[in-house]
Structure formats: C-alpha cells, structure tokens
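Working notes, structure below.
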Amino acid sequence: MKRGHRTGKPKGGFPRFYGRHAVTAALANPDRVVRKIWGVREVLNALDLPPVLPIVYSDVADLGRMVPADAPHQGIVAEVEALDDVWLGDLLEEGARDEAAKRPILVLDQVTDPHNVGAILRSAAAFDALGIVTQDRHAPAESGVLARAASGALEFMPWVRVVNLSRALDEIAEAGYWRIGLDGSADTTLGEAIGESRVALVLGAEGDGLRHNSIAHCDIIARLPMSPRMESLNVSNAAAIALYACMTR
C-alpha cells in the first residue's frame, strides 16, 4: 500500500518503542526506520540486528529511565521514525480489490487514549480488518505505549489519518461501505444493522461517545446487546466485539 513520505524530525522527538513484541515487529517492518537500539546484552545478542544499526548496551536501570514509569521494557528500547502516511483512497482501493472478503473499516471519532488505539489496532489485525481511520488532530501519535498495546499490529495494520472525519465518512460511503455508528442508546442491535454489504464501524470516545456530526454521517446507529447491569464497554472492547460480529455474520 502506498504511503506519503514524511520528512524532518517530529516536534516531540522520535518515538521510543519498548518491549520485545513492539521492537522486533518494528525491526521486521521494511517500511519502518529504526534509528537506534538500547538493550541489555543477553537480549540484544539474541536478536539478528542489522550491522549498521547503532546499538548501546545498557543496564536495566538505564532502560527504566528511558520509558514511562513502571513500563515493562523487557530489556530493550528502540528509537524509531514514525511510519509514513497511508492515504484513504489507497485503503479503499485495497478494499475494492478484495471485495469478496468484505473486510471492515474501523473509524475512530476522537479516541485519544494510546492504550485504546493500540488495543484496537491489535483487534483489527486479529479480526482481519482492512484498516483504521482517525482524525489527525484528535488521535494519539505513535508512541511506546501505543506500540506495546498494539503488540506488533502497528507495523502492518493500515492506519489512515485524515483532516476531516465527516468528509472521510462520505468518501467511505461512496466506495460502497455501510456506515454503522455504535451507540449504547440505539434501538437497533449491531447484528440487525450489519446486513450483507461492506461495513465501516464508527466508534466514539469514552464518555462523550460519537459526536453529532459523526452520527449525521452514518447510515445507521446500532448498539451492542448488553446486560442492563452494565452501562457501557471500554471502546477497545466494543471494537473487538463489533469486529467479531462482522467476521461471523
């Protein structure tokens, strides 16, 4: 899939990934530039690292100071460059080429918690989604927290960042997707709403849920059938259940 090239050092510096899953997945991704690696000797010696990659042997205490407090770095930290942009048009073309599979798209409306976005990327990979779409200004940047929550999925699950989410939803509809917004107050259940066409699942942030403008750009609003003893689910859990429903329809 084509990517738009990014240049220059990001304002917040280059992301630092930690943990074996996140770092080894980054090393295996030909589209990812890994700038430098720090690690304990036994972990680094067990990896097949490129000879040109700068390596710094470090102790556990040094690594602990490079990552968020109490983060499980597992003896390895890598400084990376963010992946180049994926364009929505390219993602939709990929879906058109694989129309028989009807792989769903996940659209996240101002989901800003990197733990949640990482977990959603992991579920999207597990349930063979086509990709995820977020609004660039209201989504987390690539980070160690997000990469660890994604457990490697960040490296291969297409993530489209758009300027205007409403326009993106219109473009998704024009490509033949049935846009289902998830809201706990809806009368229709997700199973009733899915139908036979390709699906775009639209999920809002925890607390606020879907914005009115996003609801206006959905074809139908649906809910997950839940016990009245619980008011709602974490957005990443809701995404996993909705993806499972799409896979098993």
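The values are calculated or read from the model by the stated rules, or taken from the named source; none is laboratory data. Note that the coordinates shown come from a computational prediction; the quantities given were computed from them, not determined experimentally. Every residue, glycine among them, receives a Cβ derived from its backbone with ideal geometry; neighbour counts consider all protein chains shown.
Results, tabulated for the structure shown:
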quantity	calculated
Residue ID - surrounded by the fewest Cβ atoms within 10 Å (Cβ to Cβ), chosen from residues in the range 132-147 that are more than 8 Å from the chain's Cα centre (by Cα) and not in a helix (DSSP H, G or I)	Ala141
Residue among Val56, Val33 that alone is touching a residue at least 40 places away in the same chain (Cβ under 8 Å) and either touching a strand residue (DSSP E or B) at 6+ places or on another chain (Cβ under 9 Å) or farther than 30 Å from Ser166 by Cβ (or both)	Val33
Strands (runs of 3 or more DSSP E) enclosed by the range 34-105 - at least 1 residues per element that are of a type in the set (D, E, K, R)	34-39, 76-80
Residue match in the range 162-176 (condition: assigned by TED's automatic domain parsing to the domain that holds Asp90, assigned to a helix (DSSP H, G or I), in contact (Cβ under 8 Å) with a residue 24 or more places away in the chain and under 13 Å from the mean Cα position of the chain (by Cα))	no
Check on Gly204, out of contact with any Leu (no Cβ under 7 Å at 6 or more places or on another chain) and not assigned by TED's automatic domain parsing to the domain that holds Ala22	no
Selection count, the range 178-223, where residues are under 25 Å from Arg137 (Cα atoms), of a type outside the set (Ser, Thr, Tyr) and assigned to a helix (DSSP H, G or I)	4
Condition met for Ile120 (in contact (Cβ under 8 Å) with a residue 40 or more places away in the chain, crowded, with 22+ Cβ neighbours inside 10 Å and not small (Gly, Ala, Ser))	yes
Answer from Pro68, Pro140, Pro158, Pro72 - the residue that is within 21 Å of Pro15 (Cα to Cα) and touching a Ser or Thr at 6+ places or on another chain (Cβ under 7 Å)	Pro140
Ala242 vs. criteria buried (at least 16 other Cβ atoms within 10 Å of the Cβ), part of a helix (DSSP H, G or I), at negative phi and under 19 Å from the mean Cα position of the chain (by Cα)	yes
From Glu196, Glu231, Glu171, Glu206, residue being among the acidic types (Asp, Glu), within 21 Å of Val86 (Cβ to Cβ) and surrounded by fewer than 22 Cβ atoms within 10 Å (Cβ to Cβ)	Glu171
